[in-house]
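Right, one structure below, let's go through it.
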Amino acid sequence: MKNSRPRIPEDVYVGFVRSLFNDAEVLLIGGACHFLIAILVYTSSREPIYLWFAVVLFFAGVFRYYNILQGKKAEIANYEQARRWEWSYLCTGTFQALAMGLFSFTAIYYKPDPFGEIGSVAVVLGSTITIVGRNYGSSRMVMLQSTAIVVPMAVAMIMRGGYQLVILGLYLIPFIFVLKKMSKTVQTVLFDAIIQGNRSRLLAHRFDRALNTMSHGLVMFGTDGKVVVANARAAETMGFASVDQLVGRTLRALLMRGVAGGLLDIKEARHAEKLLTDALREGRDRKVLLKLAGQRYLEFSAREGRDELGVLIFEEVTQRVEAEERIRYMARYDSLTGLPNRAHFHDVVAELMEGGDPNRLCGLAVFDLDDFKSINDSLGHPVGDGLIYAAAERLAQFEDDEVKVSRFGGDEFMIFFNRVESEEDLSQRIAHIADSLKGEVDVAGHMLRIQTSGGAVLGPVRDNHIDAMIVKADLALYKAKEQGKNGWRLFEAEMDAAFRNRQTMKADLRNAVESRSLRVVFQPIVDLRTMQISSCEALCRWDHPELGPISPAIFIPLAEEMGIISDISTLVLEAACQECVQWPEHLGVSVNLSAKDFYSGSVVQKVRNAVQKAQLAAHRLEIEVTETTLLYDQISTRGYLQELKQLGVSIALDDFGTGYSSLSYLHRLPLDKVKIDGSFLVDVTNNERSLRLLTGVVELSRNLGLAVTVEGVETFAQLKILASSVQPEFVQGFLFGSALTASGIRTMSAHTWSPSGFAAPGAPQRRSSKPGDRKDANV
C-alpha cells in the first residue's frame with residue numbers, strides 16, 4: 001500500500017482513525033460467538049480441526065479487543081499517529097477476518113458438514129454486517145476484511161462443484177465491491193457532515209469573536225422579548241460577570257438593573273423602555289441617548305429584526321457628547337471672553353422680548369473701547385486681546401437673569417436690560433457700568449487705561465425689535481464718538497435722520513466717483529522770491545446735484561470710511577497730470593495720495609501710468625504724503641517712495657507739525673520738500689516763541705537739503721514776517737486767492753502776486769473772500 005497522505009483533511013482523517021477504536025467490548029462478544037459456533041460445528045462433525053478454529057477465532061477476537069483498547073488510550077492526535085495505529089488495526093482485523101474466511105472454506109469444502117455450512121454462513125453474515133458500520137473510517141480495512149471473509153467462501157463453493165454452487169460463489173465476489181461502495185458512501189456522508197460541522201464551528205467562532213470584540217454593546221431579543229444573544233461588551237457595561245447572565249432577561253429587566261446599580265434614573269429608564277420597545281416591535285430605527293451617573297452617556301440604537309424581535313446596539317458616547325457640547329459652546333460664546341457672541345445674544349434677547357409684559361420698557365447699550373486700534377497697532381494683538389478680556393471681566397459682573405452681556409465683535413460689547421423703570425433708571429445703570437469700566441489695567445506688563453464710548457436706546461418691548469435696537473444704539477455710539485469719545489449718548493430720533501442722510505450721501509458719493517463727476521481745482525504755490533506761481537496743489541471738489549458744493553471735510557472722511565479714497569486719488573492724479581502738461585513747462589503740480597494708496601506696491605504703477613498716459617515729464621509731478629501714511633508700515637512705505645523717486649517724481653511731506661510729527665522722518669525718508677502746517681502761523685506775528693519755532697523748523701529742513709513750503713498763509717502780516725524772518729522757499733494759502741481751474745492757473749502763471757492779487761492781463765484780480773475756498777481738505 002502506497003505511503004501517501006490522504007486526500008481528506010488531516011483532522012478529518014485523524015477523526016476517522018479514532019472512530020475505529022471505539023466499542024471494543026463488541027469484539028469480545030463476537031469472539032465468544034465465533035468460538036461457540038465452532039464448538040457446535042465440532043460436535044456435529046466430530047472433526048478436530050473445528051476445535052482449533054474455535055480457539056483461533058476466540059483469541060483473534062480477544063487480540064483485537066486489547067489492540068483497540070491500546071489505540072484508544074493512545075489518544076491519537078496527529079496524522080503520523082493515526083497512520084501507525086491504522087496499520088495496527090488493519091493487521092489484527094485482517095487476521096480475524098481471514099480466520100473466519102478459512103473457517104467457512106473448511107466447513108463448505110475441506111471438511112463439509114451440513115451444520116458447519118450453516119454455522120459458517122452465519123459467522124460470515126454477522127461479520128459482514130459490521131464491516132461497513134465499524135470500519136467506514138478505513139477504506140483499506142473494509143476492502144481487506146471483505147476480501148478475507150468472502151473470497152474463501154466463494155472459492156469453496158466453486159471448488160465443491162455443481163452449477164448452483166458455482167453461480168452462488170461467483171455471485172459473492174461482487175459483494176466485496178458492494179461493501180466497499182457502502183463504506184465509501186457512509187464515509188462521504190460523514191465526511192461532509194464533519195466538514196460542515198467544522199465550518200459551522202469556525203463560523204460560530206468567528207461570529208463569537210467578532211461579537212465580543214465589538215466596541216459596541218449588542219443584545220438580540222427573541223419573539224418573547226427576552227435576550228437570546230449578547231456580547232461581552234454588553235455584559236461589561238451592564239455589570240454582569242458573563243454573557244450568559246444576560247440571556248433570558250427582558251429589556252425592562254436590563255434597564256432596571258442599571259437603575260438598581262445607580263447608573264440610571266428611573267424616569268430615564270422608563271422613557272427609554274417605551275421608545276426602544278416601540279422601535280423594536282415596529283421595526284423602526286431609533287436612537288435614544290441616556291445620561292448615566294458620573295456624566296457618562298450611552299446611546300442605544302434599535303434595529304429591525306426578521307425572525308427575532310430585534311437588535312439593540314449601544315455604545316458609550318461620553319467623549320462625543322462632550323465634543324458636541326464644546327462645539328455648541330464655541331458656536332454660542334466668544335472664545336476669548338466667554339461672553340455670548342452676536343448670534344447667541346440675538347437669540348437670547350429675542351426670546352426675552354417675546355415673554356413678559358409687552359408694555360414694559362427695555363434698553364440696549366453698546367460700548368466700545370476708544371482708540372483700541374492704536375493699541376493693537378503699537379503693542380500687538382495679544383495685548384489688545386488682554387485689554388478686551390479685562391473689559392469683559394468688568395462687564396460680566398452686571399449679568400443676571402434680566403441683564404445680558406455680549407461681546408458683539410472686535411472691541412464692541414452689547415448689554416440688554418430686559419426691564420427698565422424709566423429713562424433715568426437706564427441712565428443711572430449705564431453710567432454705573434461706564435464708571436466701572438474706567439481705570440487702569442496691567443496687560444503683559446503694560447499699564448493700559450480703559451476708556452469707552454457708548455450708545456443706548458430705550459423703548460417699549462412691543463414697539464421694538466432687537467435688530468432695530470442695535471442699529472439705534474450704534475447711531476447713538478457714533479454720535480458719542482463725534483462729540484469727543486469717553487462718554488455715552490441715548491438715542492434720539494434726529495440721529496436716525498442724520499444716519500439716513502449720511503447713507504444717502506455715501507451712495508451719491510459712490511455714484512459720483514464711478515461716473516467721474518468729481519472735479520479738480522488747483523491752489524497756487526508761490527515762490528517767495530519772485531512772488532510768481534511755481535506749482536499748484538490739486539484739490540478735489542464735489543458739486544452735489546441737489547445739495548450743491550459739499551465740503552471736502554465732509555466727503556473725504558466718507559470716502560475713507562467707504563474704502564473708495566484710492567479711487568478718488570487716482571482720479572485726481574490722472575486729471576492733474578493731464579492738465580499740468582498743458583501749462584508752461586516751469587509749472588509743476590502736487591498731488592496728495594492717501595495712506596491706503598501705500599498699502600501695496602501698486603501706488604508706484606499708479607503714478608507711472610498717470611505720467612505716461614499724460615506724457616508729462618516726471619519732474620513736474622510732486623507726490624505729497626502725510627505722516628499718517630508713514631505709520632502703517634515705514635519700511636514698505638520708504639521702499640515705495642524710493643521707487644517713486646527713481647521715476648523722477650519729487651516727494652513732499654505734507655502737514656508737518658501735526659499728528660505724529662517726528663524729526664526722524666526728515667532724514668530717514670527720501671524727501672525733497674517739507675510742507676509746514678498752517679497751525680505754526682496762528683500767532684507767529686505776535687509771539688516770539690512761535691516765530692523762533694517756525695524759523696528753527698525751516699532752518700533744520702534747509703540744512704537737510706529740503707525745500708520748505710509754509711501752508712495756511714492768510715494775512716499780509718504773516719507773509720511779511722515770513723519774507724523777512726523765516727524765508728521759506730514757497731508759501732501757500734488763502735492770501736493768494738482761491739483754488740483755480742486749470743485754465744485759471746494757465747492764465748495766472750506769468751503774473752506776479754501783489755497785495756491786490758495776481759494781475760490778470762489788462763486788469764488786476766481781486767482775491768476771493770469766500771471761506772469755503774480755503775484748502776480745507778486734500779487728496
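The values are calculated or read from the model by the stated rules, or taken from the named source; none is laboratory data. Predicted model only: the values in this text are computed from it and were never measured. Here the Cβ is made from the backbone with ideal geometry for all residues, glycine too, and neighbour counts use every protein chain on show. The accessibility values were calculated without ligands, DNA or RNA, using every heavy atom of the protein model including side chains. Shrake-Rupley method; radii C 1.70, N 1.55, O 1.52, S 1.80 Å.
What is the angle, in °, between the Cα long axis of helix 114-135 and the longest principal axis of the Cα atoms in the chain? Nearest 10 is fine, range 0 to 90.
10 degrees
Which of VAL155, GLY356, MET505 sits closest to the plus end of the dipole of the chain, meaning its Cα is farthest towards the positive end, when Lys and Arg get +1 and Asp and Glu get -1 on the C-beta?
In the chain, that residue is VAL155.
With a 10 Å radius around each residue's Cβ, average the other Cβ atoms per peptide and rank 36-43, 481-488, highest first. Can you show the working numbers first?
Details: 36-43: 19.5, 481-488: 14.2.
For the peptides 36-43, 481-488, the packing ranking is 36-43, 481-488.
Rank-order 242-253, 99-110 by packing density, defined as the average count of other C-beta atoms within 10 Å over each peptide's residues, highest first.
99-110, 242-253
Excluding HIS432 itself, what net charge comes from residues whose Cβ is under 12 Å from its Cβ, given Lys and Arg +1 and Asp and Glu -1?
Combined, the nearby Lys, Arg, Asp and Glu give +1.
Please report the carbon-and-sulfur percent of the accessible area for the stretch 249-391; probe 1.4 Å, protein heavy atoms only, DNA, RNA and ligands left out.
Ligands and nucleic acids excluded, carbon and sulfur give 49 percent.
In whole Å, largest first, what are the principal axis extents of the Cα atoms in the stretch 540-601?
37, 34, 14
So what are the ³J(HN,Hα) numbers for the stretch 252-268, from phi and the Karplus equation (6.51, -1.76, 1.60; θ = phi - 60°), rounded to whole Hz, Gly and Pro as x?
Along the stretch 252-268, the couplings run 4, 4, 5, 5, 5, 4, x, 5, 5, x, x, 8, 9, 7, 4, 5, 4 Hz.
Which one, MET531, ALA553, ALA107, is farthest towards the positive end of the dipole of the chain when Lys and Arg carry +1 and Asp and Glu -1 on their Cβ?
So the residue furthest toward the plus end is ALA107.
List the aspartates and glutamates whose alpha-carbon lies under 12 Å from that of LYS645, not counting same-chain residues fewer than 8 positions away?
Qualifying aspartates and glutamates at Cα under 12 Å: GLU622, ASP672.
Divide by every residue of the chain the summed helix terms, -39500 (n - 2.57) for each DSSP H run of at least 4, and state the resulting mean residue ellipticity at 222 nm, rounded to the nearest 500 deg cm²/dmol.
Taken over the chain, the calculation gives -17500 deg cm²/dmol.
Using the crude model of +1 on Lys and Arg Cβ and -1 on Asp and Glu Cβ, and no other charge, please compute the dipole size for the chain relative to its Cα centre, in debye to 20.
4980 debye
If I compute solvent accessible area with a 1.4 Å probe over the protein chains, what percent of it on the stretch 478-632 is carbon and sulfur?
Using a 1.4 Å probe with all protein chains present, the stretch 478-632 comes out at 49 percent carbon and sulfur.
With 28 Å as the limit, write out which pairs from LYS472/LYS506; LYS111/LYS180; LYS373/LYS613 have Cα-Cα distances beyond it, or answer none. Write out the running numbers ahead of the final one.
Values: LYS472/LYS506 19 Å; LYS111/LYS180 30 Å; LYS373/LYS613 39 Å.
Violating the 28 Å limit, Cα to Cα: LYS111/LYS180; LYS373/LYS613.
Compute the long axis of helix 163-212 from its Cα atoms, compare it with the longest principal axis of the Cα atoms of the chain, and write down the angle in degrees, 0 to 90, nearest 10.
30 degrees
Give a residue-ordered list of calculated ³J(HN,Hα) values for the stretch 52-69 (Karplus: 6.51 cos²θ - 1.76 cosθ + 1.60, θ = phi - 60°; whole Hz; x for Gly, Pro).
Listing the rounded values in order: 5, 4, 4, 5, 4, 5, 5, 5, 4, x, 5, 4, 5, 4, 5, 4, 5, 4 Hz.
For LYS479, which aspartates and glutamates qualify as cross-link partners when the Cα separation must be under 12 Å and same-chain residues fewer than eight apart are set aside?
GLU492, GLU494, ASP496
Within the stretch 526-560, list the GluC sites (Glu not before Pro) lying in a DSSP loop whose Cβ has at most 16 other Cβ atoms in a 10 Å radius.
GLU546
For the stretch 1-121, I need the span (max minus min coordinate) of the C-alpha atoms along each principal axis, in Å, sorted largest to smallest.
Sorted from largest, the Cα extents of the stretch 1-121 read 51, 27, 17 Å.
Quick one: with all protein chains in place, what share of the accessible area of the stretch 5-132 is carbon or sulfur, to the nearest percent (1.4 Å probe)?
The computed percentage sits at 67.
Trypsin sites (Lys or Arg not before Pro), restricted to the stretch 303-406: which are DSSP loop and have at most 16 other Cβ atoms within 10 Å?
On the way: sites: ARG303, ARG306, ARG320, ARG326, ARG328, ARG332, ARG342, ARG360, LYS373, ARG394, LYS404; in loops: ARG306, ARG360.
Those that pass, being in a loop and sparsely packed, are ARG306, ARG360.
Calculated from the structure, volume of the Cα convex hull per residue in Å³ equals which of (1) 340; (2) 353; (3) 175?
Checking each listed value against the structure points to (2).
Can you pull the one-decimal nm distance between simple spin-label points at ASP278 and GLU699, each 7 Å off the Cα toward Cβ?
Result: 9.7 nm between the two label points.
Taking the Cα centre of the stretch 480-563 as origin, sum charge times position over the Cβ atoms of Lys and Arg (+1) and Asp and Glu (-1), and report the length of that vector in debye to the nearest 20.
140 debye
With charges only on Cβ, +1 for K and R and -1 for D and E, what is the dipole size of the stretch 314-405 about its Cα centre, in debye, rounded to 20? Before the final figure, lay out the partial values.
Numbers: 9 positive and 20 negative charges, 44 e Å.
With only Lys, Arg, Asp and Glu charged at Cβ, the dipole is about 220 debye.
Need the C-alpha centroid separation for the stretch 223-298 versus the stretch 594-620, integer Å.
Here the answer is 77 Å between Cα centres.
With a point put 7 Å past each Cα toward its Cβ, work out how far ILE327 is from LYS645 in nm, to one decimal.
Distance between the two pseudo-spin positions: 5.7 nm.
For the stretch 333-373 and the stretch 704-748, what is the separation of their Cα centres, given in Å?
Their Cα centres are 55 Å away from one another.
Taking all protein chains together and a probe of 1.4 Å, list MET447, MET505 from the most accessible to the least accessible.
MET447, MET505
Could you tell me which residue out of HIS432, TYR478, GLN646 lies farthest along the dipole of the chain toward its positive end? Charges go on the beta carbon: Lys and Arg +1, Asp and Glu -1, centred on the Cα centre.
Of the candidates, GLN646 comes out farthest on the positive side.
Can you give the net charge of the other residues whose Cβ lies under 11 Å from the Cβ of ARG233, counting K and R as +1 and D and E as -1?
Overall, the nearby charge balance is -3.
Fully extended, how many nm does the chain gain between ASP371 and LYS181 (0.36 nm per residue separation, minus their Cα-Cα distance)? Walk me through the numbers on the way to the answer.
Working: separation 190, 0.36 × 190 = 68.40 nm, distance 10.58 nm.
Net length gain for the segment: 57.8 nm.
Return a whole-number percent for the relative contact order of the chain, with Cα pairs under 8 Å and 6 or more residues apart as the contact set.
Reported relative contact order: 6 percent.
Once the Cβ-Cβ distance between ASP467 and LYS506 is put in as r, and R0 is 25 Å, what FRET efficiency do you end up with, to the nearest 0.05?
Details: r = 20 Å, r/R0 = 0.81.
Given R0 = 25 Å and the Cβ-Cβ separation, E is 0.75.
By a straight-distance test (C-alpha under 28 Å), which lysines pair with LYS226 as possible cross-link partners, with residues fewer than eight away in the same chain excluded?
Of all the lysines, those that pass the test against LYS226 - Cα under 28 Å, at least 8 places apart if same chain - are LYS267, LYS274, LYS287, LYS291.
State the percent of C-alpha pairs, over all pairs in the stretch 571-689, separated by a distance greater than 25 angstrom. Before the final figure, lay out each step's value.
Working: 1881 of 7021 pairs.
Beyond 25 Å sits 27 percent of the P(r) for the stretch 571-689.
Mind checking the angle between helix 342-354 and the chain's longest principal axis? C-alpha axes, 0 to 90 degrees, to the nearest 10.
Taking the Cα atoms of the chain, the angle to 342-354 is about 90 degrees.
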